[in-house]
Amino acid sequence: MEFSQEQQRRTELVISQAKRENFTEQEKEFYDDFFTEAGIKKNLSEMTEQDADDLLQALSASECSLEFVANVVNRVAIEAPPYVVEHILYSDLDEDGVPLIDELRLGRDPFHYESPSKKQQNQSVIAKKPDIEL
Ligand SMILES: [Ca+2]
């Protein structure tokens, strides 16, 4: 799969930002445990796209917070090969056409399809409610 220059540029930006995050040894161990559970029993620097897919599946299957997903992505971005990082950032497991990098930025769940109109529908339901009949 070929990536556009724009994707490469944004991936490099994520990687350079991630490298400024200071993970404590405790945090590193915590995330390393998660990687092991996800089936990545090797150095993050040796990750392949297949490993990235396994990791995404594990994240998708767990009911983890967006913060956790973002931290995992950061942790991977620091050490994994850039093309693997890019593979993760531009994955779209929920197939809504929005890549993971943008879902996280928008505060949306990258693993569950969210219809953009869902919130508006909920609001209109609430708006109708106060019509109490006496
Ligand atoms: Ca998506």
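The values are calculated or read from the model by the stated rules, or taken from the named source; none is laboratory data. Just so it is clear, the structure is predicted and the values come from calculations on it, not from any experiment. Note that we place each Cβ from the backbone using ideal geometry, even for glycine, and neighbour counts take in every protein chain shown.
Residues that are more than 10 Å from the ligand (Cβ to nearest atom) and either of a type in the set (G, A, S) or touching a strand residue (DSSP E or B) at 6+ places or on another chain (Cβ under 7 Å) (or both) within segment 75-95 comprise A77, A80, listed in sequence order.
Quick grid of which residues meet (1) among the hydroxyl-bearing types (S, T, Y); (2) touching a Cys at 6+ places or on another chain (Cβ under 7 Å); (3) at pLDDT below 95; (4) part of a loop (DSSP other than H, G, I, E, B):
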{"site": "Q8", "(1), (2), (3), (4)": "no, no, no, no"}
{"site": "N22", "(1), (2), (3), (4)": "no, no, yes, yes"}
{"site": "D32", "(1), (2), (3), (4)": "no, no, yes, no"}
{"site": "V84", "(1), (2), (3), (4)": "no, no, no, no"}
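Selection of segment 34-45 for residues being part of a helix (DSSP H, G or I) and either of a type outside the set (D, E) or touching a residue at least 40 places away in the same chain (Cβ under 8 Å) (or both) yields F34, F35, T36, L44, S45.
In a residue-by-residue description of segment 56-70, the property of being farther than 22 Å from E114 by Cα, in contact with a helix residue (DSSP H, G or I) (Cβ under 6 Å, 6 or more places away or on another chain) and either of a type in the set (V, I, T) or in a helix (DSSP H, G or I) (or both) applies to no position.
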